[in-house]
Amino acid sequence: MARLSYLKALQRALADEMARDSSVCVLGEDIGVGVNNVTTGLLAKHGPLRVVDTPLSEQAFTSFATGAALAGQRPVIEFQIPSLLFLVFEQIANQAHKFSLMTGGQAKVPVTYFVPGSGSRSGWAGQHSDHPYGLFAHVGVKTVVPATPEDAYGLFLTAIRDDDPVVLFAPAGSLGVRGDVDLAALGPVPLGVGRVHREGTDVTVVAVGHLVQAALAVAEQLADQISVEVFDPRTLYPFDWDGLAASVAKTGRLVVIDDSNRMCGIAGEILATAAEQMRLTVPPKRVTRPDGAVLPFARELDLAVQPQQDQLLTAVQEVYKSSR
Amino acid sequence: MSVGEGLYRTMRLIRRFEERAIELVHAGEIIGGIHPYIGQEAIAAGVCAALRDDDVITSTHRGHGHVLAKGADPVRMLAELTGRSTGLNGGRGGSMHAADFGKGIYGANGIVGAGGAIATGAAWAAVKEGSDRVAVSFFGDGAVNQGVLLETFNLAALWRLPVLFVCENNGYATTLTVAQAVAGSITARAEAFGIPAVSVDGADAAAVLNAARDAVARGRAGGGPSFIEATAYRFDAHHTWEHKARVRYRADEEVAAGRSRDPLDIQGVRLDADTRAGIDADVEALLAEAVAFALDSPRPDPAGALDHLYATGLRGRDGVGLLDTAVR
Ligand SMILES: Cc1ncc(C[n+]2csc(CCOP(=O)(O)OP(=O)(O)O)c2C)c(N)n1
Ligand SMILES: [Mg+2]
């Protein structure tokens, strides 16, 4: 067993895939120097044809990657900030994502878009703190939000190997998470398969990304009163509905915690599907950012807008109580 | 105060403001860090000295210099950076979004290249209402490769709008050099659209002011957009996280050479020593007041975290299931 941080796991996954497959290349800003500590050492190892430091031309290099992918390459793009995905939404949602269908299956676009440090980084304010994974799930782009070092490794690997576009969010709140992992056992983690981090029988908590840690903490805090099952979907699209259904079949109660906006957010989709198709014994709840939230700068305002552990705890207690 | 003294005072204010702000970053009083403007002061000072209060600017992630030079109150600016309710934006914006619409400052901006089109729209609005206001967009060398900025050059030239594009070429976009990023030349991008473009020494505030005066006069007279490339050296880190992370991309000799042309000295030697010392002392006192005011100011009330989200006061739902009943 070795101690591995989430950030190091991302770094390792990319390095391993680049060593294994010469069609894998990485594009992005300041990736030669490696300011985000994911591409560290890759330029020296693989040279500038595989590690491409780009000018600040996100729209161009995102579709440039699409072109390279159509022509047989397997590009990975690092975005320094989550909101850059707004800038390239056309290039991903309207170009890369649509090629396969529109060409009658002639084309595939195996590009991975990843953001090391999504969500709030406290103090980076309105334009640097979004968590737009729900947008990609909405348009149907494969969307991955790993919560642990081994999942960061395994899902990054799978994303790169996948023949479709995949967006991978690495929440800022997860980068420092460490775990004891068996390095030899690290390997791909399939898309669309969730993970139960802690078994329980009273309430299912679905937690996305860094909030898995908050959910585990709440489960521990409540351990002698309420048996909480922590379900981490890992992939938001495709979503592991069967895995969730199996959990809800046991507990009958559901709370979702999701660090994105409430209106049309992924938490709403999870509650809706559970209400339609699963055996809920009491109304479910979600803990999210408010509707249409823009993260304000000051620390207390920024925190006030993000879902918090104590809010989850209360929501779990309420859902549990409402059954009796 | 003479024009030359004014230029020096603005630069000294920016320099010391940035140095004090860096101290506050290290002390944990400014969260998220800042992009220091140190070394580039002559550009903001020179350009803004050619502007009126009602002219408009848009700024960048490295925006403190522009905001101060355009006349925002340094005391309230520092309160903004420290996240206080007395700040220019009530603590909602911070370093990358500081704005003061009363002074025509349409804000720093966290997205590279985003301000150019905004300034151009503001310039168009001035024309439409018959005003001779101009708008200025500051941006870095990194921004000249953003599609939106090139699209904006076309609109500005096509519609002969009173907008001045100021490219601060400090040689780097974070770690990427201009040589690695820019095909052709920066001024040629503007010239391709028929926008008159000049390159000036961005360490010399008087040279920047001269170029800006020409451009602003052309804009006010209906002569359309202009472009200034001002070259300068960024003395400090791209962002204060570098103070800890120690990323290496500039040779020590290069940094030393860059710092040897200090815009404050270039302008400072044009003043007599007593005048300069007097300005320095004034600035020191002002910043002491600013720091004290900021640190004594109240922090915003979390209950108002999403105040101002909509101009109309629309309130969405809170984010917590328990408060579902609070739908308004
Ligand atoms: C569109 C966009 N891409 C990337 C970033 C991340 N980023 C912030 S500043 C910066 C470098 C900007 O360089 P330049 O425009 O030359 O300005 P300077 O930092 O040198 O003042 C980058 C890449 C961003 N904020 N916006
Ligand atoms: Mg630059």
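The values are calculated or read from the model by the stated rules, or taken from the named source; none is laboratory data. Note that the structure is a prediction, hence the values are computed from the model and not measured. For neighbour counting, all protein chains shown are included, and Cβ atoms are generated from backbone atoms with ideal geometry for every residue, glycine included. These accessible areas exclude ligands, DNA and RNA; they are computed on the full protein's heavy atoms, side chains included. Shrake-Rupley method; radii C 1.70, N 1.55, O 1.52, S 1.80 Å.
Condition first: polar (S, T, N, Q) and either within 16 Å of ligand 1 (Cβ to nearest atom) or not assigned by TED's automatic domain parsing to the domain that holds A:ARG20 (or both). Now tell me which residues in region A:126-157 satisfy that.
Our first condition is that a residue be polar (S, T, N, Q); within region A:126-157, this holds for A:127, A:129, A:143, A:148.
A:GLN127, A:SER129, listed by residue number.
Which one of these is in contact with a Lys or Arg (Cβ under 8 Å, 6 or more places away or on another chain) and closer than 19 Å to B:VAL283 by Cα: B:GLY87, B:GLY4? Show your work before the answer.
Values: B:GLY87 fails: closer than 19 Å to B:VAL283 by Cα.
One residue alone meets the criteria, B:GLY4.
Working only within region A:278-324, note down all residues that are at the interface with chain B (Cβ under 7 Å from one of its Cβ atoms), in a loop (DSSP other than H, G, I, E, B), in contact (Cβ under 8 Å) with a residue 12 or more places away in the chain and not aromatic (Phe, Trp, Tyr).
Across region A:278-324, the qualifying residues are A:PRO290, A:ASP291, A:GLY292, A:ALA293, A:VAL294, A:PRO296, A:PRO307.
Name the single residue that is farthest from the chain's Cα centre (by Cα) among those in region B:137-159 being more than 13 Å from ligand 1 (Cβ to nearest atom) and of a type in the set (Gly, Ala, Ser).
Applying the filter and picking the extreme gives B:ALA157.
What do you reckon, is B:THR177 more than 16 Å from the chain's Cα centre (by Cα), within 27 Å of A:VAL88 (Cβ to Cβ) and within 11 Å of ligand 2 (Cβ to nearest atom)? Lay out the reasoning, then the answer.
On the way: more than 16 Å from the chain's Cα centre (by Cα): yes; within 27 Å of A:VAL88 (Cβ to Cβ): yes; within 11 Å of ligand 2 (Cβ to nearest atom): yes.
Yes.
Check B:GLY93, B:GLY102 and return the single one that is open to solvent by 20 Å² or more (accessible area, probe 1.4 Å) and without any contact (Cβ under 8 Å) to a residue 60 or more places away in the chain. Break it down into steps so the answer makes sense when it comes.
Values: B:GLY93 fails: open to solvent by 20 Å² or more (accessible area, probe 1.4 Å).
Criteria check complete, one pass: B:GLY102.
Out of region A:74-87, which residues are touching a Phe, Trp or Tyr at 6+ places or on another chain (Cβ under 8 Å), within 14 Å of chain B (Cβ to nearest Cβ) and over 20 Å from B:GLY93 (Cα atoms)?
A:GLU78, A:PHE79, A:LEU85, listed by residue number.
Restricting to region B:1-15, name every residue that is part of a helix (DSSP H, G or I) and of a type outside the set (Lys, Arg). If you could, list the steps in order and put the result at the bottom.
Filtering region B:1-15 for residues part of a helix (DSSP H, G or I) gives B:3-15.
The answer is B:VAL3, B:GLY4, B:GLU5, B:GLY6, B:LEU7, B:TYR8, B:THR10, B:MET11, B:LEU13, B:ILE14.
Helices (runs of 4 or more DSSP H) wholly in region B:160-269 with at least 1 residues that are within 14 Å of chain A (Cβ to nearest Cβ) and either open to solvent by less than 30 Å² (accessible area, probe 1.4 Å) or away from ligand 1 (no atom under 15 Å from the Cβ) (or both) - which ones? Even if it seems obvious, please write down each step before you answer.
Values: elements: B:178-181, B:186-191, B:205-220, B:242-245, B:252-260, B:263-268.
Those helices (runs of 4 or more DSSP H) span B:178-181, B:186-191, B:242-245.
Condition first: touching a Gly at 6+ places or on another chain (Cβ under 6 Å) and part of a helix (DSSP H, G or I). Can you find one or more residues in region A:264-272 that meet it? First the steps, then the outcome.
So in region A:264-272, the residues touching a Gly at 6+ places or on another chain (Cβ under 6 Å) come out as A:265-266.
Next cut, part of a helix (DSSP H, G or I) only: A:266.
For region A:264-272, residues touching a Gly at 6+ places or on another chain (Cβ under 6 Å) and part of a helix (DSSP H, G or I): present.
Table: residues versus (1) in contact (Cβ under 8 Å) with a residue 60 or more places away in the chain; (2) within 21 Å of the chain's Cα centre (by Cα).
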site: A:THR204; (1), (2): no, yes
site: A:GLY209; (1), (2): yes, yes
site: A:ILE226; (1), (2): yes, no
site: A:LEU244; (1), (2): no, yes
site: A:ALA249; (1), (2): no, no
site: A:LEU254; (1), (2): yes, yes
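Which of the residues spanning region B:122-141 are assigned to a helix (DSSP H, G or I) and open to solvent by 10 Å² or more (accessible area, probe 1.4 Å)?
Quick first cut of region B:122-141, residues assigned to a helix (DSSP H, G or I) only: B:122-128, B:141.
Of everything in region B:122-141, those that are assigned to a helix (DSSP H, G or I) and open to solvent by 10 Å² or more (accessible area, probe 1.4 Å) turn out to be B:ALA122, B:TRP124, B:ALA125, B:VAL127, B:LYS128.
Looking at region A:98-131, which of its residues are more than 14 Å from chain B (Cβ to nearest Cβ), under 30 Å from A:VAL294 (Cα atoms) and either of a type in the set (Gly, Ala, Ser) or buried (at least 21 other Cβ atoms within 10 Å of the Cβ) (or both)?
If we filter region A:98-131 for residues that are more than 14 Å from chain B (Cβ to nearest Cβ), which is where we start, we get A:98-115, A:118.
Subset that is under 30 Å from A:VAL294 (Cα atoms): A:98, A:111-115, A:118.
Hits for region A:98-131 are A:VAL111, A:THR112, A:TYR113, A:PHE114, A:VAL115, A:SER118.
Of the residues in region B:145-159, how many are open to solvent by less than 60 Å² (accessible area, probe 1.4 Å), hydrophobic (A, V, I, L, M, F, W, C) and farther than 14 Å from B:SER226 by Cβ?
Step one: of region B:145-159, the residues open to solvent by less than 60 Å² (accessible area, probe 1.4 Å) are B:145-150, B:152-153, B:156-157.
Subsequent filtering for residues that are hydrophobic (A, V, I, L, M, F, W, C) retains B:148-150, B:153, B:156-157.
Remaining after also requiring farther than 14 Å from B:SER226 by Cβ: B:148-150.
Number satisfying all stated conditions: 3.
Would you point out the residue of region A:75-97, among those that are β-branched (Val, Ile, Thr) and crowded, with 24+ Cβ neighbours inside 10 Å, that is farthest from A:VAL26 (Cα to Cα)?
We begin by selecting, within region A:75-97, every residue β-branched (Val, Ile, Thr); these are A:76-77, A:81, A:88, A:92.
Adding the requirement that they be crowded, with 24+ Cβ neighbours inside 10 Å leaves A:76-77, A:92.
Working: A:VAL76: 5, A:ILE77: 6, A:ILE92: 16 Å.
Restricting to residues being β-branched (Val, Ile, Thr) and crowded, with 24+ Cβ neighbours inside 10 Å, the top hit is A:ILE92.
Suppose we keep only residues that are surrounded by fewer than 24 Cβ atoms within 10 Å (Cβ to Cβ) and small (Gly, Ala, Ser) within region B:105-121. Which one would you say is farthest from the other protein chains (Cβ to nearest Cβ)?
Looking at residues that are surrounded by fewer than 24 Cβ atoms within 10 Å (Cβ to Cβ) and small (Gly, Ala, Ser), I get B:GLY121.
Hey, any hits in region A:40-54 for a residue that's within 16 Å of ligand 2 (Cβ to nearest atom) and at pLDDT 95 or above?
Taking region A:40-54 and keeping what is within 16 Å of ligand 2 (Cβ to nearest atom), we get A:53-54.
This time we only want the ones that are at pLDDT 95 or above, so: A:53-54.
There is at least one residue in region A:40-54 that is within 16 Å of ligand 2 (Cβ to nearest atom) and at pLDDT 95 or above.
Out of the helices (runs of 4 or more DSSP H) lying entirely within region B:16-121, which hold 2 or more residues that are more than 10 Å from the chain's Cα centre (by Cα)? Don't jump to the end; show me each part of the working.
On the way: elements: B:41-48, B:64-69, B:74-81.
The helices (runs of 4 or more DSSP H) meeting that bar are B:41-48, B:74-81.
Those residues that are surrounded by 17 or more Cβ atoms within 10 Å (Cβ to Cβ), over 25 Å from B:ALA237 (Cα atoms) and more than 11 Å from every other protein chain (Cβ to nearest Cβ), I need them from region A:24-61; list them, please.
A:VAL24, A:CYS25, A:VAL26, A:HIS46, A:ARG50
Within region B:35-85, track down each residue that is among the β-branched types (Val, Ile, Thr) and closer than 22 Å to B:ARG234 by Cα.
Taking region B:35-85 as the starting set, the residues that turn out to be among the β-branched types (Val, Ile, Thr) are B:38, B:43, B:47, B:56-58, B:60, B:67, B:75, B:82.
Matches in region B:35-85: B:ILE38, B:ILE43, B:VAL47, B:ILE57, B:THR58, B:THR60, B:VAL67.
Quick one: in region B:268-299, which of the residues that are of a type in the set (Val, Ile, Thr) and in contact (Cβ under 8 Å) with a residue 60 or more places away in the chain is farthest from B:ARG20 (Cα to Cα)? Lay out the reasoning, then the answer.
First pass over region B:268-299, keeping only residues of a type in the set (Val, Ile, Thr): B:269, B:275, B:279, B:283, B:291.
Among the residues that remain, those that are also in contact (Cβ under 8 Å) with a residue 60 or more places away in the chain are: B:275, B:279, B:283, B:291.
Details: B:THR275: 23, B:ILE279: 17, B:VAL283: 12, B:VAL291: 8 Å.
Taking the candidates together, the pick is B:THR275.
For B:VAL166, which of the numbered conditions (1) more than 9 Å from ligand 2 (Cβ to nearest atom); (2) touching a Lys or Arg at 6+ places or on another chain (Cβ under 6 Å) fails to hold?
The failed condition is (2).
Sort through B:ARG76, B:ARG84, B:ARG62, B:ARG52 and tell me the only one that's at pLDDT 95 or above and within 13 Å of chain A (Cβ to nearest Cβ). If you could, list the steps in order and put the result at the bottom.
On the way: B:ARG76 fails: within 13 Å of chain A (Cβ to nearest Cβ); B:ARG62 fails: within 13 Å of chain A (Cβ to nearest Cβ); B:ARG52 fails: within 13 Å of chain A (Cβ to nearest Cβ).
The conditions single out B:ARG84.
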